[in-house]
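Take a look at the structure below.
The values are calculated or read from the model by the stated rules, or taken from the named source; none is laboratory data. Model, not experiment: these values are computed from the prediction. Note that we place each Cβ from the backbone using ideal geometry, even for glycine, and neighbour counts take in every protein chain shown.
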Amino acid sequence: MEDNQHTRLPDDPIDSLFKSGLKDQQVIPDARIWKGINKRLLFRELFRFQFSNLTRQGWISLISGVVILVAVSLFLIWQQEEPKTHSLPVSEKDTDQHTSQGETLKNQEDLVVMQPAAAKTTTAEGNHPAPIKHSNQQIQYSSSITDASEPLVIETSLKDSDQQEPLPAAGINESGLVQTRELIHRLKFLRVLTIKSFSEEPIARQLTPVKFRQLPSFIQPIEPKEPLQIYGILHFTPDLMFYRGATNYYKYHYTFGLTGGLNRGCWYAETGLSMSWSSDIGRYQVDYIQHDSVGFYNQILSFTVNPANPGEVTFTTTKQTVFDSVTYLTDLNTKNRYTYLRIPLSVGYYFINRDKIRLGLDAGAAVSFMIARNEPDPVFYAPDANTRDIQSLTHTHLPVNWMLTTGVRLEYLLTNKLMLLIEPGFSYYLKGIEEVNAVATHQPYAIGLKAGLKFNIKLSKR
Amino acid sequence: MLPENDILAGCKAGKRESQYSLYQRFSPVMMGVCLRYCQSREEAEDIMQEGFIKVFSQIGSFRQEGSLEGWIRRIMVNHALNNYRKNQKYLVHDKLDDLTDDVSDPAQEGDGYPYSQEELLKAVQALPSGYRMVFNLYVFEGFSHKEIATGLHITENTSKTQLMKARKYLQKKLFQLTHYGKEAISHGR
């Protein structure tokens, strides 16, 4: 715009004519334009969760909720990080199974040292086999094992009676005893090798009954030895609620909460507490009188008669607008806000359970109690109007809502204790959310996307 | 009527009363602007409605360095241009060759025919869209041909040609209006 003056030619007379005639033109727009703007603004506000619009009470409850949830979460995580001596799962105990000479074993409980079948056992005293060490003793390997290249396997808790090998009694043929022991060792070694060849899973899992593996992969029973796991989920869920057959009606819920759950094997059950915020449009009808234009007429200011042609008369007129009191009925909308306390209860099953990813399906029910409502009075701003009546058309929202819920859960393992959770969900309300279901004859539905962090709290003993 | 600063502060806080006050204050002028850029009243109303939505959603970015009216006006014009660009492929360009005959300049005629705002507006609205855009941007908004060319994705020469043709068209239209208007009145129609 700075170089306008250099590139512009002087105004053409036609430009000047239009510029002077239209530059300050003002046209009163139709009243429905403001209605449209008002409605659009209202919908924009409804679809956007505005923290700035929260009342003081809302802020206090939100901040307290977050503080409590964070504190509880930190406490639970801290509790889990405490050293565990007796409740470790087998997989963690199993870390020192493979060892070599000179190493000190860490897990000493119920340990039995097994020598490889091919290993020759010699001691300083002669041909006596190396004594088999039992639990609660510091086991130190020395030169008793001559062939270090052979695999050495330490098996946990094999409580067979054959582990309790007595010392040779006097008079018993020692060579026969050595042969028997070697045979036992060979059998044990073969057993462990066979088990380990299936997978790298902990031994306890490898020893599961055969019938477990024969079941269809999508239905697996709860394994009695699976540890019971307690976990918490901190989540946020935006929901879109809609009615079947009412395409223009939909509204948003925002839910924030903490869920606690139990997990054993592929099954899980959950419940918790969450706060849910939703907005709705308050509808009012305003009856008012306004002094307004009802039409116009052309007022003749003067006229001239053509002397050469007396039949030709030229009139000079001006447009005059006619005003009168007009009664109007107009709709007025407000933004109402509702806060609910929601308690869900659901059961689910992981049908894909990999190292990093779990995919599950859950179903359950939830109940929500309205704990706060904010329905502001309508503001009708029209200085020239005389308001006769404002009638509320807003239906009362029910204080309790019951719904059935289902969702497909995806969990991604971030660390040993923390998982990222994404769950698209679907809810079906057992009743309409208003006392009079004005929107549709059916109950509403809601689709939502739960996003959260799941943290393992505790593993129970096997 | 509230002072402009109060209205502005209220709008920034999202108060509906302030938004309505702002709308009441500026909508008549903006309706006039939108009508000039559009072919029909309905189209102008749509542009204005969208424009005000944008005004209210972006009013936080208004830094009071210029006039509020100028800022709102710029939003309306930009929105009209965007709308034009969006619908350009669907527009049928009228042939104006028959309107480029030499006609007497109604502004120079001096016959004292008082062109009403309505007549002038109808003449502008009757222009083909591209010509109307160029004419409005050049005459009312004070843009140069270079700026118009950039804004409408055309060449400077096209802008100049379209402005010239728009002027010819308007001259012809006003000439017709003058004659037919007088004849209509003289025959008592």
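When restricted to residues that are more than 30 Å from A:Asp377 (Cβ to Cβ) and surrounded by fewer than 19 Cβ atoms within 10 Å (Cβ to Cβ), region A:330-355 contains 9. Candidates are the residues of region B:6-34 that are farther than 24 Å from B:Glu119 by Cα, in a helix (DSSP H, G or I) and of a type in the set (Gly, Ala, Ser); the one that is farthest from the other protein chains (Cβ to nearest Cβ) is B:Ala9. Has region B:137-156 got at least one residue that is touching a Phe, Trp or Tyr at 6+ places or on another chain (Cβ under 6 Å), surrounded by fewer than 18 Cβ atoms within 10 Å (Cβ to Cβ) and either within 13 Å of chain A (Cβ to nearest Cβ) or modelled with pLDDT of 75 or more (or both)? No, every residue in region B:137-156 fails to be touching a Phe, Trp or Tyr at 6+ places or on another chain (Cβ under 6 Å), surrounded by fewer than 18 Cβ atoms within 10 Å (Cβ to Cβ) and either within 13 Å of chain A (Cβ to nearest Cβ) or modelled with pLDDT of 75 or more (or both).
The residues of region A:389-398 that are surrounded by 13 or more Cβ atoms within 10 Å (Cβ to Cβ) and free of Cβ contacts under 8 Å to residues at least 60 places away in the same chain, listed by number, are A:His395, A:Leu398. So which residues in region A:389-446 are of a type in the set (Ser, Thr, Tyr), part of a loop (DSSP other than H, G, I, E, B) and farther than 21 Å from A:His235 by Cα, if there are any at all? Those that are of a type in the set (Ser, Thr, Tyr), part of a loop (DSSP other than H, G, I, E, B) and farther than 21 Å from A:His235 by Cα: A:Thr394, A:Thr396, A:Thr441.
So, in region A:310-329, exactly how many residues are assigned to a strand (DSSP E or B) and either within 13 Å of chain B (Cβ to nearest Cβ) or not hydroxyl-bearing (Ser, Thr, Tyr) (or both)? Of the residues in region A:310-329, 13 are assigned to a strand (DSSP E or B) and either within 13 Å of chain B (Cβ to nearest Cβ) or not hydroxyl-bearing (Ser, Thr, Tyr) (or both). Among the criteria (1) buried (at least 18 other Cβ atoms within 10 Å of the Cβ); (2) more than 23 Å from B:Lys15 (Cα to Cα), the one B:Asn78 does not fulfil is (1).
Is there a residue being in a strand (DSSP E or B), among the aliphatic types (A, V, I, L, M) and either modelled with pLDDT of 90 or more or surrounded by 18 or more Cβ atoms within 10 Å (Cβ to Cβ) (or both) anywhere in region A:373-388?
no
Applying the selection to region A:12-30, what residues are in a helix (DSSP H, G or I), at the interface with chain B (Cβ under 7 Å from one of its Cβ atoms) and under 19 Å from B:Arg73 (Cβ atoms)? Residues satisfying the conditions are A:Asp15, A:Phe18, A:Lys19, A:Gly21, A:Leu22.
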